[in-house]
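Here the structure is laid out as structure tokens; the discussion comes afterwards.
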Amino acid sequence: MQASGKRARLFADALFSVASIAQDQVYNSVLRTHINGLKQLGVAEMAVRILVLCLCLCFVASCDSSKDTTNQPKQEQPQISEKMPPGEFSMFDGNNLGQWKITDYDDPGKVYVRDGSIILESGNNMTGVTWDGSVPLVNYEINFDAMRLDGEDFFCALTFPVEDSFVTFLAGGWGGNVCGISSINYYDASDNETTVKKTFENNRWFHFCVRVTADKIQCWIDKKQYVDLDTQGKKLDMRIEVEESKPLGISSWQTGSAIKNIRLTKLSAPPSS
């Protein structure tokens, strides 16, 4: 018993030495208070105290770790702008509109976020959201998912810049199945070289990709290319109805729709088709 008590005191002295060089004042205080008492205890009782002490230190360490993580500054992604660096950036976090503002159309439907999507309810005519900030004018790509919830007209009209001009890629217009770019040489999406027809079922997600380079506009729906437009020598413009969608906006016409997973990629160089 005498040898065991001596070992207990030596062990306690060793722990006390560790505590004396600890950096955190909380750990020092806890160790000094409890280890001093260990010198007066037997081996069994000392083991119980050591176990309790370890549990207490683990709890303190977890609290300190949580505190340190909270105080660390969050790394924010570069701001989307005309002069942004190459790379892919999120334009919608699925929780709130963020930099998207409700477009100032006459008598629009309600706009809100639900289940990770921007909901555009059917309005008297147009309903939409517009990006409240600058965006690249060329060498960029926009990807997003869209779904028509109700109605029979276009549920997704993306207005976007092409250098010093603006155009709109429509999906499901003119009765529900016309796609194309408005406007090219003063002709709308229903009557120019980009006009194509596609069936869009309600309550089904479609993936859209629009790419703008120095001499082309290219558009895909569900990875199938629908537009491959050489823009050289052409007059690009948009209809007056979507003027409020500049510089970048998504709108619908008398149709309910949902938009999600909006991402912008700034291209370092025009990719090969």
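Okay, here's what the table says:
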quantity	calculated
Selection from the range 228-273 of residues that are of a type in the set (A, V, I, L, M) and either under 26 Å from the mean Cα position of the chain (by Cα) or in a strand (DSSP E or B) (or both)	LEU229, LEU236, VAL242, LEU248, ILE250, ALA258, ILE259, ILE262, LEU264, LEU267, ALA269
Test: residue in the range 210-217 that is within 21 Å of the chain's Cα centre (by Cα) and of a type in the set (Gly, Ala, Ser)	no
Extreme residue, nearest to ILE262 (Cα to Cα), among residues of the range 180-213 that are crowded, with 17+ Cβ neighbours inside 10 Å and touching a Gly at 6+ places or on another chain (Cβ under 7 Å)	PHE200
Residues satisfying the stated conditions in the range 146-184, i.e. part of a loop (DSSP other than H, G, I, E, B) and farther than 18 Å from VAL196 by Cα	GLY151, GLU163, ASP164
Residue check, GLN225 in a strand (DSSP E or B) and over 17 Å from TRP131 (Cα atoms)	yes
Near pairs, Cβ below 8 angstrom, 6+ apart or cross-chain, from the range 77-102 (within 16 Å of ILE250 (Cβ to Cβ) and at pLDDT 85 or above) to any residue that is part of a loop (DSSP other than H, G, I, E, B) and of a type in the set (A, V, I, L, M)	MET91/ILE80; GLY98/MET91; GLN99/ILE80; GLN99/MET91; TRP100/MET91
Filter result for ILE240 (modelled with pLDDT of 95 or more and among the β-branched types (Val, Ile, Thr))	no
Count of the range 115-136 residues which are more than 30 Å from ALA214 (Cβ to Cβ) and free of Cβ contacts under 8 Å to residues at least 60 places away in the same chain	1
Residue within the range 82-101 that is assigned by TED's automatic domain parsing to the domain that holds THR255, more than 23 Å from the chain's Cα centre (by Cα) and part of a loop (DSSP other than H, G, I, E, B) present	no
Residue under evaluation TRP220, criteria (1) touching a strand residue (DSSP E or B) at 6+ places or on another chain (Cβ under 9 Å); (2) free of Cβ contacts under 8 Å to residues at least 60 places away in the same chain; (3) over 30 Å from ASN96 (Cβ atoms); (4) surrounded by 15 or more Cβ atoms within 10 Å (Cβ to Cβ), criterion not met	(3)
Conditions (1) under 18 Å from HIS207 (Cβ atoms); (2) part of a loop (DSSP other than H, G, I, E, B): number failed by THR194	(1)
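The values are calculated or read from the model by the stated rules, or taken from the named source; none is laboratory data. These figures come from a predicted structure and were not determined experimentally. Cβ sites come from the backbone with ideal geometry, for glycine too, and all protein chains shown count toward neighbours.
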